[in-house]
Amino acid sequence: MAEPLPFRLNAALAALRAVLAGVAADAPILPPAGPLRADLPAGSALDVLRRLPAAAAGAPSGAFDAVARLAGLAGELRWRQTYGSDEADEVFLANYGWTELAGTDGLVADPAISAGLLLLGPQTLYPAHSHPAVERYVPLSGAAEWWDEDRGWRLEPPLSFILHRAGVRHAMRTGREPLLAYFHWSGPGISERSRFSAAPFRPTPR
């Protein structure tokens, strides 16, 4: 008999907390350990979820269990996109999506943060964008190139720690592997959406 959904969700979040604590124990990136909300959001699917099995298979040993648990629950999570077809092309939208684990609409209610998972397909450029919130990332699977206007392009492996200050323009570009990354927004701008930057819209790769 399958274990109840709340049990599986809590186990996945606990596994994720353990991974994140080992990466950046002093940074405020862990989703809160509070109870799941009574009205769990209904699951939803996006085209990019076809990339999740490869991301799960490619996760490093330090994150493999957490990623496997989260991937197994993908159909129970509410996957979303910030941008519409008037802002991004169909190739990008077919390879991009995110889900909130903790926050206003997350599995764990917390109005002070927005934390969850970003999934990008292989050979995908997430163009330069910015937002008022402070953002922290921990890639869970897939090495990718990350750019921001302070440091330029650099290759970041799984289980690295990435910080974007409030308002900084930043971008990501995947290679042969999909990218699954944990994100954490905090600060006064968490209710404001991310927007593509006018310049540069597509940062020049190295």
(request) Please enumerate the residues belonging to the range 42-56 that are surrounded by 15 or more Cβ atoms within 10 Å (Cβ to Cβ) and not in a helix (DSSP H, G or I). (result) Leu46
(request) Scan Ala21, Ala14, Ala27, Ala66 and give me the residue that is touching a residue at least 60 places away in the same chain (Cβ under 8 Å), not in a loop (DSSP other than H, G, I, E, B) and not hydroxyl-bearing (Ser, Thr, Tyr). (result) Ala66
(message) Looking at Glu156, Glu149, can you tell me which residue is more than 22 Å from Gly84 (Cα to Cα), surrounded by fewer than 20 Cβ atoms within 10 Å (Cβ to Cβ) and touching a strand residue (DSSP E or B) at 6+ places or on another chain (Cβ under 6 Å)?
(response) Glu156
(request) Would you confirm whether any residue within the range 12-25 is of a type in the set (A, V, I, L, M, F, W, C), surrounded by 15 or more Cβ atoms within 10 Å (Cβ to Cβ) and more than 15 Å from Leu140 (Cα to Cα)? (result) no
(message) Checking the conditions here, which among Gly34, Gly72 is in contact (Cβ under 8 Å) with a residue 60 or more places away in the chain and more than 26 Å from Ala112 (Cβ to Cβ)?
(response) Gly72
(request) Specify the residue that is farthest from Ala14 (Cα to Cα); the eligible residues are those in the range 57-87 that are in contact with a Phe, Trp or Tyr (Cβ under 8 Å, 6 or more places away or on another chain) and surrounded by 15 or more Cβ atoms within 10 Å (Cβ to Cβ). (result) Tyr83
(request) Six or more apart or on different chains, Cβ under 6 Å: which pairs go from a residue in the range 46-60 that's closer than 18 Å to Glu76 by Cβ to one that's of a type in the set (Val, Ile, Thr) and outside any loop (DSSP other than H, G, I, E, B)? Could you list them? (result) Ala56/Val67
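Values quoted throughout were computed directly from the atomic coordinates according to the rules given, and no laboratory measurement underlies them. Remember, predicted model here, so these are calculated numbers, not experimental data. Using ideal geometry, Cβ is built from the backbone for each residue, glycine included, and neighbour counts are taken over all protein chains shown.
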